[in-house]
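**Q** Quick one: structure below, then a few questions.
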Amino acid sequence: MDLYMMNCELLATCSALGFLEGDIYHKEPDCLESVKDLIRYLRHEDETRDIRQQLGAAQILQNDLIPVIVQYPQDKQLFDAVIRLMVNLTQPAVLCFGKLPQDASFRHHFLQIVSYLQAYKEAFANEKIFGVLSEKLYNLLQLDWEQRQEEDNLLIERILLLVRNVLHIPADPDEEKNIDDDANTHDRVLWAIHISGMDDLLKFLASSQSEQQWSLHVLEIISLMFRDQKPDQLAATGQGRSAKERVTDIAELEILRQKELTEKKNRVLQRSSRHSRFGGCYVIQGLKSIGERDVVMHKSLHNVKNYSHDLGKEVRRVPKRRQLAHDSESTSRRSALNVRFFLKEFCVEFLENCYNRLMCLVKDHLMRERAQQHDETYYLWAIAFFMAFNRAYSFQPQLVSETVGVRTFHFIEQSLTNYYEMLLMDKKEATSWSRRMHLALKAYQELLMTMHEMDHSQDETIRHSSHILKNNIFYMMEYRELFLTLFRKFDETKQPRSFLKDLVETTHLFLKMLERFCKGRNNLVVQSKKVKRKKRQTRPAGSDVQIRTSEELEEMWPRLVDQISKCIKNSEPLPEDVVPFDAASEVPLEEQRAEAMVRIQDSLLAGRGPEALSLLRSAREVWPEGDIFGSSSLDPDEETELLKQLFFANLPRRMIPEVEESEEAAEEEEVAEEELASVHVSEKEFSFLDYMKRFASAHVVKAYILLLKNYQQNSSHTNHCIVKMLHRIACDLKMEALLFQLSIFCLFNRLLNDPAAGAYKELVTFAKYIVGKFFALASTNKKAYMELLFWKNTAVVREMIEGYSSLQDGSSDSCKASRWTEEEDEELRELYYKYKEVEGEDILNNILAHLNNRSRTRKQVAKQLVRLGLANSMRDFPQERKGTRIVLWTEDQELELRRLFEEYQNADDILANVMRHITAKRSKARIIEKLLSMGLVSDRKELYKKRQRKSGSCGTKKGAFSKDFRALDLDEVDEGEEEEEEEDEDDNLDSEDDEEPTQNDGNNSTGNRSQDKQTNKKWGSASDRGINTLVRSLRQEGLSGPLLWIQSCLNRTAADREEDGCTQPVPLVPLSEENEDAMEHKNFQKLLRKMGLRAPANEQESFWRIPSKLSPEQLQRIAASISLQEVERETQEQLAVSEEDHLDTEEPREEPIQCPQGPKRSRLLSDSEEEGEESHHPGSCDEDELRPSGKRKRLRIEEEDEED
């Protein structure tokens, strides 16, 4: 940017600073005000940072600010203002723009500011400026804390920030093309720091007890000082070349010599020809061209091996998301010798006097969250750098004792886990999180290398300390599983090769130390984590009520009659806080009605007559249909008689069996269970061979082969680590077939044909061994050549070696249970051919509905259809679509919705009529939301169906209650109503939204009731199946821990309510990240709703709650259902038949009134009739069991309103 393009006011302000005459700077009288004006201008610069660019182009810092600092240090106000301005001008460009700009124009401005910063760094490579800063900092540090003012602390911090900003400026690779041992700009700045004595002040700040607040600033400056240094090279400064370095150099020269000799030999073999275009034509036999003939080559014979069909083709562009991650490490170079001597001396003094104290302070700031974001990266860098320097210079463990311990291992392991999670979530900053993850891995590697060095120490105390530390590290499961997790989660598009290199070397060292630790120990015990499974005894719901004989009941009844009579005569008040049902619960009304009867009986058995009478009257108001709880015009004697029938009735109570869960046979699910069962800790005997089997995975082998492809650029130690791991898998575990893959064999072919193959003897020997094993296997298994095309797991490896029937012969019981017999295959074929031509319906749903084996899942049926050749792949069967995804409303649809609302706004059920006649079918929640947004209704309660109370004048007969209880069998109490599963929690469609409206008959209360007892039975079993299916799927997704947490919360709440009788809603507060993530999981929220838990009602609530209406028995039953499977159907039918026989009366049945059925109700009735042909007469239903669908629909809308 040209100086003459500066803003006029800015130019005038810069001119008012002063002028430089020779080496003397003359400041103007308004210099201080001009500096403050420049600070004010920078505060209001635009998004392109125009003020900063203009000041950089005018070289204000080089020509004005630095001379002012050097010549006028005694002017305190001017010095403070100039330091403040310099800190602002030298701050990193990334902080100016917030992030690296992606736009081309902003990227140009970004690079322009970087170039100005590099010019600033050149100006700071001056001993005078750092001498002034060091002297000012020294004088400020001499002040006691009583004498030091707030302005003094601010100036100290600004001086440290200025040094930090100058050291942070990156080098210019185009201008600094210096050779090794030559000084660049960064080296000159470091030398100026050393000459001025600033380095001694930094060591004082790091070691002083009274200057603890500057610890993070000091550590950041030190990390930037050693940015381009390697600790091993720095430790070897001033020493002669070691024998190891000489051997490495000789090996590199030998590789280059072998390549040169091979190239000379190839040039000699090439036949020279005077006429190169008439060398002849050749046919390559066995290599087909585009047609059926062999390829004709018009080139010399020496190029025949390099022939390929891909020659001349355009290279296919790799998408950006699939490109390999680039290494962020800069090219290593050696600084000038005097700079390296100074840095080496600094490291030695820092380790002796400052390291342990400074690292303790920094760790304390990090733990107490006193640091800024990402400041832990400097802590990780310091661990990796200074511990490596200590190990390479003169190993003294006491100098780094602060960071050698289990707490440091735990901190690094937690940092690695956190960085990986952020790498997955924050995809835009994936590169930054990958660098931080790599830094944590380096620190972990250096800790292991320090422990390894302690094992070889001459001091017995140090070796004993290392043994104790290894015992603690190898005992914990997290540290053993860390490397397996990193290999499984490695992604070459996000993590560079340098990360993989350090991961392979660290894993090699860890396994080497673990193997040596296990030798000579027959019973090494380590920590293990698994899911605890308890088999609980069955118990009936409401088991807190003591079972009484008929004689005892006869003795109790007179006392209850006295209590009830007093309450009826109003001589004793009735309890007012009795509620027979929960409107916000997901439990169907039929089941709540049965529970209300059980609660009335429990109150009577407990001797609480007033409570039972209050419950009866409340239930009569909630369920007035059919006079199940009596009519509203009951006489006191009839009400007492009704309570007597309830008291002596043998009501069915639900039995809750606890079934132990089955172990998953698949290897992947076993790994997932071990990872997720973090709350259950046990101990087991450790086997190193079993631990190594965990590494026999395609994910691990892929990572190693990816690094092996660069064997020419890898160091000899890296190649040794790769071969050692592959040797463990192939030889120690006898799984060489895991390496039978075409890409690996292509790599071996390139290695064997390498001119410098003699320098890679270990790699060549292993490659020949694997290829020989493959051809030995191929002689007996002809399918081995096809297996080369695929990566394999341990099961396939076993099949390749032992035969393809070995896995089936040794299969577990769970695999046998999922096997298909010939009869089932034939039945599946018939159903497939029967329903494949049916349009508009899901073929898998039709097949599942008519299969004899009800345990088959949708996925199992689809896989078997593919195996039988009836379908090409699983993609032929789309996933079952649940709910609707239509969200946007067109203008025509809005007009249609307005017209339908105006047409049916006087109807009893506005919402049902609108949903029935609207063209674009949408969920109830979407229509309600749109009506509210259009202003057609002000409250969603206006859309509730208008409830019409029927006047039931008939009294309760003696047999009426028995007839009602005949309709309540065990299945009705035990099982709930089926609910549809939607993807969006707001799209809850009622099961009766698609039904035809029922005709309201005021004279007949049975016209709107359900058809028969089988409908409730079908609904209950479907609801239980839905809960079990959700629990099973959540366990497979790895949410076993949150499920156990929910179960423990329910059991704890039930116990508290049994002891205290408190019925307040209990919030579910997730304290761990695992539980917090689960509460946001969609299927987990569906399970909570099915269990009757309440979502946050409004913005003032943040947590789910256990409703106060749930009794302890209900809570215990819900908690038990989480870990239980379905109750066997035969036991339920037997109990149901016994209950019906006991409660049946001789009163004749009335003919039911047929009511219109919707599609779903018709299907449920037909299914239940097919299942219960023997126990129920088709077409007969209990009149007292029917209830109006309109009331159920209204209650469902109220439930949705509470959830919203």
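The values are calculated or read from the model by the stated rules, or taken from the named source; none is laboratory data. Computed from a predicted model, the values in this text were never measured in an experiment. Neighbour counts are summed over all protein chains in view; Cβ atoms, including those assigned to glycine, are modelled from backbone coordinates with ideal geometry. Note: areas computed on protein heavy atoms with side chains; ligands, DNA, RNA excluded. Shrake-Rupley method; radii C 1.70, N 1.55, O 1.52, S 1.80 Å.
**Q** Which length gain, in nm to one decimal place, applies between residue 743 and residue 1064 when the Cα-Cα distance is subtracted from 0.36 nm times their residue separation?
**A** 109.2 nm
**Q** On to the next question. Counting heavy atoms of the protein chains only and a 1.4 Å probe, report the per residue accessible area for region 370-524 as a whole number of Å².
**A** So region 370-524 comes to 43 Å² accessible per residue, rounded to a whole number.
**Q** Moving on to the next point. Multiply the residue gap between residue 621 and residue 906 by 0.36 nm, knock off their C-alpha separation, and tell me the result in nm, one decimal place.
**A** 100.0 nm
**Q** Per residue, how much accessible surface does region 698-804 expose to a 1.4 Å probe? Answer in Å², no decimals.
**A** 47
**Q** Also, I was wondering about something else. Out of the total accessible area of region 822-868 (probe 1.4 Å, heavy atoms of protein only), what percent is carbon and sulfur?
**A** After summing per-atom areas, the C and S share lands at 43 percent.
**Q** What spacing in nm lies between the two simple spin-label points modelled at residue 431 and residue 463, each 7 Å away from Cα in the Cβ direction?
**A** Inter-label distance under the simple model: 4.9 nm.
**Q** Length gain on complete extension for the stretch residue 374 to residue 750, per 0.36 nm per residue less the alpha carbon to alpha carbon distance?
**A** Gain in length upon complete extension: 131.0 nm.
**Q** Between residue 181 and residue 260, take the C-beta separation as r, use R0 = 30 Å, and let me know the FRET efficiency to the nearest 0.05.
**A** Once rounded, the FRET efficiency stands at 0.60.
**Q** Near the amide H of residue 297, under 5 Å away, which other amide H atoms are found, from residues 5 or more places off or on another chain, if H is placed in the peptide plane?
**A** Here the answer is 282, 283, 284, since their amide H atoms fall under 5 Å of that of residue 297.
**Q** Do any trypsin sites (Lys or Arg not before Pro) in region 695-769 lie in a DSSP loop with no more than 13 other beta carbon atoms within 10 Å, and if so, which?
**A** Listed in order of number, the matching sites are 734.
**Q** Continuing with this model, one more query. Could you pull out which residues in region 461-483 have an amide N less than 16 Å from a spot 7 Å beyond the Cα of residue 410, following the Cα-Cβ vector?
**A** The answer is 469-480, whose backbone nitrogens lie closer than 16 Å to the label point.
**Q** Might you work out the accessible area of residue 1029 for me, using a 1.4 Å probe with all protein chains in place, and round it to the nearest 10 Å²?
**A** Surface open to solvent at residue 1029 totals about 70 Å².
**Q** Give the peptides 459-467, 50-58 in descending order of average Cβ contacts within 10 Å, highest first.
**A** The most tightly packed comes first, giving 50-58, 459-467.
**Q** Sticking with this one: Out of the total accessible area of region 891-940 (probe 1.4 Å, heavy atoms of protein only), what percent is carbon and sulfur?
**A** C and S atoms contribute 42 percent here.
**Q** Let me ask you something else. Per residue of region 339-355, what does 6.51 cos²θ - 1.76 cosθ + 1.60 with θ = phi - 60° give for ³J(HN,Hα)? Whole Hz please, x for Gly and Pro, Karplus curve as stated.
**A** Once θ is set to phi - 60°, the couplings for region 339-355 become 5, 5, 4, 5, 5, 5, 5, 4, 4, 5, 5, 5, 5, 6, 10, 10, 4 Hz.
**Q** Would you please give the FRET efficiency between residue 689 and residue 608, computed as 1/(1 + (r/R0)^6) with r the Cβ-Cβ distance and R0 = 56 Å, to the nearest 0.05?
**A** For R0 = 56 Å, the calculated efficiency reads 0.30.
**Q** Starting from the Cα of residue 724, step 7 Å along the direction of its Cβ; do the same at residue 874; then give the gap between the two resulting points in nm.
**A** Each label point lies 7 Å from its Cα, and together they span 3.9 nm.
**Q** So for the pair residue 284, residue 836, with labels modelled 7 Å out along Cα→Cβ, what separation do we get in nm?
**A** Rounded to a tenth, the inter-label distance reads 4.4 nm.
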